[in-house]
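Inspection log for the structure reproduced underneath, given as structure tokens.
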Amino acid sequence: MNHNPLNKQGKSVKQRVFSGIQPTGNIHIGNYLAAIRRWADLQSDYENIFCVVDLHAITIPQDPQTLKVKNREVAALLFAAGIDPKLSSVFIQSHISAHSELAWILNCFIPIGWLRRMTQFKEKSKKQDEVITMGLFDYPALMAADILLYATDLVPVGDDQKQHVELTRDVAQRFNSMYGETFKLPESITPDIGGRIMGLSDPSKKMSKSDTKSENSIFLLDSPDVIRSKVMRATTDSMREIRFDKNRPSINNLLTIYELFSRKGRVEIEAQFEGKGYAYFKNALADEIVENLRPLQVRYYQLMDDFSYIDGLLKDGSLKVEPIAVKTLDEVKEKIGLG
Ligand code: AMP
Ligand code: TRP
């Protein structure tokens, strides 16, 4: 895939990709298939910036020590999954203060009604036992700042983030119409297949990082035994055929996971499992997941042996992208009369 336009000299200018991931809970195969692996697959066609969004993480309570450690772990997982520091800049959101500054400014241009409509806020606030903070409500303004600071063209995310990218476009348009062309309008790119991977034990709920104790999610660092046991215990229905069928959510979800990991086509997959039972299919699925995650896990543990190497990559990432963010922020401040 290459949507790169030509510049005045007729050379291809790479479009810029930006995306983010929260350093919370455990990264699961939904995050991997819908986001991280696609970032890695796309990276040679684009100019890429990936951000570990710790300021978004604190919209719900976090243990300080754990959060610090998670920042590094999530970064290491991105590198282990194939994000190449030569092609992509990776950095920690809180290391570049322009994100918080622009988020505040955008707040002053986002009507409250837009935020009230955000389905993720409605869902998260229902689940939240503790106080619901302004930060959680305002989460999309910070995400808009992340994206707009870098004149992003494309935002590869899972389905649940599409609405936030829409809001980003809306606020960019509103600002541009008031102050003249300032922000580039980004577009989300969601996967055709697997933009919302569902839980294994409850296929009516999406797979989630905070499902730590349950069998619902497969985490990227689960051992082969744990992966196999979760897959074998996954909910199925009482029908027999192993077919893609939206009306059979449990088997459809498992088949989708198989399809994405194996990179095979649907016809081939259905033929492969024709006349076979669920146990046979589940074993094949477990093998596919284990074999796909094995190299990633090996690289992850190697990387985590050398914190200074990961921290160095993150430092390089922020040094490279910060000037872009500062330039956008300065332009915005100038236009609205700050400073
Ligand atoms: P988060 O864990 O919220 O930081 O999400 C990181 C990326 O994973 C985002 O692009 C999400 O849209 C995506 N994502 C999260 N959960 C799922 C899921 N169950 N299926 C597919 N994509 C997901
Ligand atoms: N909100 C996103 C999520 O939970 C993470 C995120 C923060 C993000 N800033 C972003 C994704 C900017 C894309 C672009 O998944």
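The numbered conditions (1) farther than 28 Å from residue 295 by Cα; (2) within 16 Å of ligand 2 (Cβ to nearest atom); (3) touching a Phe, Trp or Tyr at 6+ places or on another chain (Cβ under 9 Å) are all true for residue 220 except (1).
Residues in region 27-55 that are farther than 22 Å from residue 320 by Cα, within 14 Å of ligand 2 (Cβ to nearest atom) and not charged (D, E, K, R): 27, 28, 30, 31, 32, 33, 34, 35. Candidates 123, 181: the one that is within 13 Å of ligand 1 (Cβ to nearest atom), out of contact with any Leu (no Cβ under 7 Å at 6 or more places or on another chain) and not assigned by TED's automatic domain parsing to the domain that holds residue 249 is 123.
Going by what's in this entry, would residue 31 be described as over 10 Å from the mean Cα position of the chain (by Cα) and buried (at least 21 other Cβ atoms within 10 Å of the Cβ)? Considered against the rule, which asks whether it is over 10 Å from the mean Cα position of the chain (by Cα) and buried (at least 21 other Cβ atoms within 10 Å of the Cβ), residue 31 comes out as no. If you check 278, 258 for being more than 23 Å from the chain's Cα centre (by Cα) and among the hydroxyl-bearing types (Ser, Thr, Tyr), only one passes: 278.
Scanning region 196-210 for residues that are more than 20 Å from residue 292 (Cβ to Cβ) and in a loop (DSSP other than H, G, I, E, B) gives 201, 202, 203, 204, 205, 208, 210.
Okay, residues lined up against (1) among the charged types (D, E, K, R); (2) under 23 Å from residue 316 (Cα atoms); (3) within 16 Å of ligand 1 (Cβ to nearest atom); (4) modelled with pLDDT of 95 or more:
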position	(1), (2), (3), (4)
20	no, yes, yes, yes
33	no, no, yes, yes
45	yes, yes, no, yes
53	no, yes, yes, yes
56	no, yes, yes, yes
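The single condition among (1) closer than 27 Å to residue 206 by Cα; (2) at pLDDT 95 or above; (3) open to solvent by 20 Å² or more (accessible area, probe 1.4 Å) that residue 240 does not meet is (2). Out of everything in region 189-217 that is of a type in the set (Lys, Arg) and open to solvent by 40 Å² or more (accessible area, probe 1.4 Å), what residue ends up being nearest to residue 36 (Cα to Cα)? Among them, the one singled out is 196. Where helices (runs of 4 or more DSSP H) fall wholly inside region 218-291, the ranges with 3 or more residues that are of a type in the set (A, V, I, L, M, F, W, C) and within 30 Å of residue 73 (Cβ to Cβ) are 224-232, 249-262.
On inspection, residue 139 fails the criterion of being in contact with a strand residue (DSSP E or B) (Cβ under 7 Å, 6 or more places away or on another chain) and near ligand 2 (Cβ under 10 Å from one of its atoms). With respect to residue 162, is the statement that it is more than 13 Å from ligand 1 (Cβ to nearest atom) and either in the same structural domain as residue 50 (by TED's automatic domain parsing) or touching a residue at least 12 places away in the same chain (Cβ under 8 Å) (or both) true? Against the criterion (more than 13 Å from ligand 1 (Cβ to nearest atom) and either in the same structural domain as residue 50 (by TED's automatic domain parsing) or touching a residue at least 12 places away in the same chain (Cβ under 8 Å) (or both)), residue 162 does not qualify. Quick one: count up the residues across region 126-159 that are of a type in the set (Lys, Arg) and either within 16 Å of the chain's Cα centre (by Cα) or within 16 Å of ligand 1 (Cβ to nearest atom) (or both). Total satisfying the criteria: 1. Just to be sure, is residue 200 at pLDDT 95 or above, away from ligand 2 (no atom under 16 Å from the Cβ), aliphatic (A, V, I, L, M) and closer than 21 Å to residue 57 by Cα? Taking the combined requirement at face value, the residue does not satisfy it. Based on this model, can you work out whether residue 78 counts as part of a helix (DSSP H, G or I), within 19 Å of residue 97 (Cα to Cα) and within 13 Å of ligand 1 (Cβ to nearest atom)? So residue 78 fails the test.
The values are calculated or read from the model by the stated rules, or taken from the named source; none is laboratory data. Values in this document were obtained by computation on a predicted structure and should not be read as measured data. Don't worry about glycine lacking a Cβ; one is built from the backbone with ideal geometry, like all the others, and counts go over all protein chains shown. To get the accessible areas, we keep the full protein, side chains included, count just its heavy atoms, and leave off ligands, DNA and RNA. Shrake-Rupley method; radii C 1.70, N 1.55, O 1.52, S 1.80 Å.
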